[in-house]
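**Q** Right, I'll just put the structure down here and ask away after.
The values are calculated or read from the model by the stated rules, or taken from the named source; none is laboratory data. Bear in mind the structure is a predicted one, so any value in this text is a computation, not a measurement. Cβ placement follows ideal geometry from the backbone for every residue including glycine, while neighbour counts extend to all protein chains displayed.
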Amino acid sequence: MDRREILANSVRALLANKLRTFLAVLGIVVGISALVAIVALIEGASAYITEKLVTLQPDVFQVSQLPANFFNINDFIKASKWKRIEYADYQAVRESCRECATVGAESDIMGRLRFHGTVTGSVQIRGLTASMFDIERVDVTEGASTTKSRRDNTPPSV
């Protein structure tokens, strides 16, 4: 048998068994697609973890009320009922942790701002201690930090 005859017999067999041919091709396509999807997910997760680890120094330890990721809404509801971490907790850690080179804190809130009668859209307001710039390795290229705080314990207009 020469190559042409083998190829002709193969094509005839494929055309005679169309359903079997279709199912075999479908299985190959699904298998390759699943493999590509799994590799993409693993690469994406690896890149995400690497990005998060690169931004922090290797000896940084973070404490947060909420986990970094939620797998379902029940996890979020459960975590939102946990005790809030307050500024007093930060001060207690800063004063009592002798092994800590630097201790910092940050908090953020989403809301609308009102300034001289102008109301903004939804913005994120982030407050942090000065030591957080060193911990997170942040270089401010524009603007300036401010140390003003509300001492009257009234919430800002948000």
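**Q** Any idea which residue in the stretch 83-111 is nearest to Glu136 (Cα to Cα), counting only those that are loosely packed, with under 12 Cβ neighbours inside 10 Å and in contact with a strand residue (DSSP E or B) (Cβ under 7 Å, 6 or more places away or on another chain)?
**A** Looking at residues that are loosely packed, with under 12 Cβ neighbours inside 10 Å and in contact with a strand residue (DSSP E or B) (Cβ under 7 Å, 6 or more places away or on another chain), I get Asp108.
Table: residues versus (1) of a type in the set (Phe, Trp, Tyr); (2) modelled with pLDDT under 95; (3) more than 22 Å from Asp108 (Cα to Cα).
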site	(1), (2), (3)
Val29	no, no, yes
Ser33	no, no, yes
Ala47	no, yes, yes
Lys52	no, yes, no
Phe70	yes, yes, no
Ile73	no, yes, no
